[in-house]
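K.L.:
Take a look at the following structure, please.
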Amino acid sequence: MSVRTQSSEQPAEAVHRAGFACFVGRPNAGKSTLTNALVGQKVAITSNRPQTTRHTVRGIVHRPDAQLILVDTPGLHKPRTLLGERLNDVVRTTWAEVDVIGFCLPADQKIGPGDRFIAKELAGIRKTPKVAIVTKTDLVDSKALAEQLIAIDQLGKELGFEWAEIVPVSAVGSKQVDLLADLLIPLLPEGPALYPEGDLTDEPEQVMVAELIREAALEGVRDELPHSIAVVVEEMLPREDRPADRPLLDIHANLYIERPSQKGIIIGPKGKRLKDVGIKSRKQIEALLGTPVFLDLHVKVAKDWQRDPKQLRRLGF
């Protein structure tokens, strides 16, 4: 078993590589945090609620010798709703199309049935190299980390495949994050850059804005809500009659929940929660778009939208 903890020598000949990597792992295994750490800017939403990523957000790592495009899929899980099934389909399609798969396993949690479920699926994808990424290493001591590394090596053997690399990282402490990129890049095909320098993601801005609003709305909400919030940005328009040096972008967005009883939770006493959601997400949106924003948020009920194919389509799933 080769566990990588320091950067290997770069080959002498300058070959440019470009390709796609995706991080998989059960919900809350640290995939989005890792994507953000690698790209160096917030592109995938992170939340300590499981199942927050619903769109394939691509983060792009630019290097002189390579371009690594990160595809962040939703966590694969045993589906309970139609939405769950669609998310799993998205994951499998993505796996079949990328150049390398990074399987995120938290250092502080023993390998469980959820991890085995994913590893079994991965074993079926023969051609794609698989890198085991041990996340959240800042939460354990070296003995526990060593045990986890051995268990992960064993997991591959049991299922009949060899990990291309096993890399311990801590995205929070930025430990070994660059090394991870160093190890993923040689697994990419040779070729020119696929995106212009300076692009960090190819998500339409509207989708990213909706995700930032959703992230702010998820924070501090009780456990029954994470799956029940969808955000649709209805329009984003520059305010007319503004001087060129003082632009303002008007953004109108709806937060959809499944039941009227959830409305009060999102809005909060005297509208305080919704106001906080607006302030928090507006700051993030302004940082993302580089322009002042007027954000208009409304909460609407879309009854049982997770189980209704028509509503899922309308809400972008």
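The values are calculated or read from the model by the stated rules, or taken from the named source; none is laboratory data. Not measured: the values here are computed from a predicted model. A quick note on method: Cβ atoms are made from the backbone with ideal geometry, for glycine too, and the neighbour counts reach across all protein chains shown. Only protein heavy atoms, including side chains, enter the accessible area calculation; ligands, DNA and RNA are left aside. Shrake-Rupley method; radii C 1.70, N 1.55, O 1.52, S 1.80 Å.
K.L.:
Only residues that are without any contact (Cβ under 8 Å) to a residue 60 or more places away in the chain and closer than 16 Å to P106 by Cα: list them for segment 157-190, please.
P.N.:
Within segment 157-190, S170, G173, K175 qualify.
K.L.:
Sticking with this one: Scan segment 238-280 for residues that are touching a residue at least 60 places away in the same chain (Cβ under 8 Å) and among the β-branched types (V, I, T) and jot them down.
P.N.:
V277
K.L.:
Scan segment 110-156 residue by residue and report those that are free of Cβ contacts under 8 Å to residues at least 12 places away in the same chain and of a type in the set (D, E).
P.N.:
D141, E147, listed by residue number.
K.L.:
Let me ask you something else. Among helices (runs of 4 or more DSSP H) lying entirely in segment 263-314, which contain 1 or more residues that are in contact with a helix residue (DSSP H, G or I) (Cβ under 8 Å, 6 or more places away or on another chain) and under 18 Å from E234 (Cα atoms)? Give the derivation first.
P.N.:
Details: elements: 263-267, 272-289, 309-314.
Once the helices (runs of 4 or more DSSP H) in segment 263-314 are filtered for at least 1 residues that are in contact with a helix residue (DSSP H, G or I) (Cβ under 8 Å, 6 or more places away or on another chain) and under 18 Å from E234 (Cα atoms), what remains is 272-289, 309-314.
K.L.:
While we're on this one: Is it the case that segment 98-121 has a residue that's touching an Asp or Glu at 6+ places or on another chain (Cβ under 8 Å) and in a helix (DSSP H, G or I)?
P.N.:
No, the conditions are met nowhere in segment 98-121.
K.L.:
Moving on to the next point. Among L188, L159, which is the only one that is open to solvent by 10 Å² or more (accessible area, probe 1.4 Å), over 18 Å from the mean Cα position of the chain (by Cα) and modelled with pLDDT of 90 or more? Please lay out each step first, then the result.
P.N.:
Working: L188 fails: open to solvent by 10 Å² or more (accessible area, probe 1.4 Å).
Of L188, L159, the one residue that is open to solvent by 10 Å² or more (accessible area, probe 1.4 Å), over 18 Å from the mean Cα position of the chain (by Cα) and modelled with pLDDT of 90 or more is L159.
K.L.:
Counting just the residues of segment 267-293 that are at pLDDT below 90 and among the polar types (S, T, N, Q), which one comes out most open to solvent (accessible area, probe 1.4 Å)?
P.N.:
Among residues in segment 267-293 that are at pLDDT below 90 and among the polar types (S, T, N, Q), the one most open to solvent (accessible area, probe 1.4 Å) is Q284.
K.L.:
Being over 24 Å from A287 (Cβ atoms), under 11 Å from the mean Cα position of the chain (by Cα) and at pLDDT below 85 is true for just one of T73, T94, T35. Which residue is that?
P.N.:
Numbers: T94 fails: under 11 Å from the mean Cα position of the chain (by Cα); T35 fails: over 24 Å from A287 (Cβ atoms).
Selected residue: T73, the only one of T73, T94, T35 that is over 24 Å from A287 (Cβ atoms), under 11 Å from the mean Cα position of the chain (by Cα) and at pLDDT below 85.
K.L.:
Going by the structure shown, is G160 of a type in the set (G, A, S) and part of a loop (DSSP other than H, G, I, E, B)?
P.N.:
yes
K.L.:
If you check I229 against the conditions, is it modelled with pLDDT of 85 or more, open to solvent by less than 30 Å² (accessible area, probe 1.4 Å) and more than 30 Å from L68 (Cα to Cα)?
P.N.:
no
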